[in-house]
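Step one of this worksheet: look at the structure below.
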Amino acid sequence: MRSWLQEGEQVEIRCRQHARILIWPVTVALVLVFAAAAGLAKLQPVPFSQWAYGAGEWREPAVVVLFAVGVFLLLAYPVRRVLRWVNTRYVLTNQRLLVRRGLFGRITEVHVLEQVRQVLPHQKWRQKMAGSGDIQLHMLAGYVRTVVEVPELKRFNEEIQKAWTAAFRAAIQQTPPEGDYASEVGMNEKELRKLGRDQ
C-alpha cells in the first residue's frame, strides 16, 4: 500500500493536468528557437561583416550572449512550465482529492471529501473545445477550492461526485445519534412505557 494512503482508502483516478496548458509554453519555446536561429544566421562571418562593418571582434561575444539569453529565456518560462505539468498529478481516492507536485510527488493540497458541501464543474469556452475544465469544491467551512485544468472534465466530475456522495453518506452513518430521553435519565424503553401508564 502507498504510504500516503489512509486506511481503507483506494485510488479511483490518477491523472495530470490537461495538456492544453502547454500551448503557450510550447509556442513561446518555438518563437525563441526561431528568433535565436535568425540571430545566429545574422552573426555568421559574412552576414555580420555586411551589417556590422568593422566590428568583427564583437561577433563571437555576441554569439555567446545570444546563446546565453536564449537558454535563460527557455529555462525561465517554457521548460519550467513543462516540468511543472509533468510533475503535477491529481489523485482522486474514495476519501480525498490530492494534488501531488514535484519530482517525488509531494502532496501539496489535500481536499477531504467529507468536508465538501458542493462539487461544481466549471468550463471556459477554450476549455470546452479541449474537454478540460476546473472543479470547484465548496467546503463546509465556507471557502472554495478550485482544481484547475482537469482532463476529461465530464468523467472526472462524475467520479468525484460518486466518491463525494459515498464519503458524505459514510460520514453521516458514522455520526452517533443524539441520546434520547431514556438514555439521559438512565431508563430503558419498557420502564418508560410503564411510567407512562402509571401517569
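Values in this text are rule-based calculations from the coordinates and carry no lab data. For clarity, every value in this text was computed on a predicted model and none was experimentally measured. In this analysis, Cβ positions are derived from the backbone assuming ideal geometry, glycine residues included, and neighbour counts consider all displayed protein chains.
Structure summary
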quantity	calculated
For the chain, size of Cβ-based charge dipole, Lys and Arg +1, Asp and Glu -1, in debye	660
Over 20 Å [Cα-Cα, the chain], rounded percent	71
Taking N as its residue count, the alpha carbon Rg of the stretch 20-85 over 2.2 N^0.38 Å	1.37
Förster radius 22 Å - calculated FRET efficiency between residue 59 and residue 28 (Cβ-Cβ, nearest 0.05)	0.20
Two-decimal ratio, the stretch 41-157, of alpha-carbon radius of gyration to 2.2 N^0.38 Å	1.79
Net lengthening on full extension, residue 158/residue 79 (0.36 nm per residue, minus Cα-Cα)	25.1 nm
For residue 133, residues with placed amide H under 5 Å, excluding near neighbours	149, 150, 153
Pairs of lysines in the chain (C-alpha under 28 Å apart; 8 or more residues apart or interchain)	5
Axial C-alpha extent at least 20 Å, average Kyte-Doolittle at least 1.6 - helices from the chain (DSSP)	23-42, 59-74
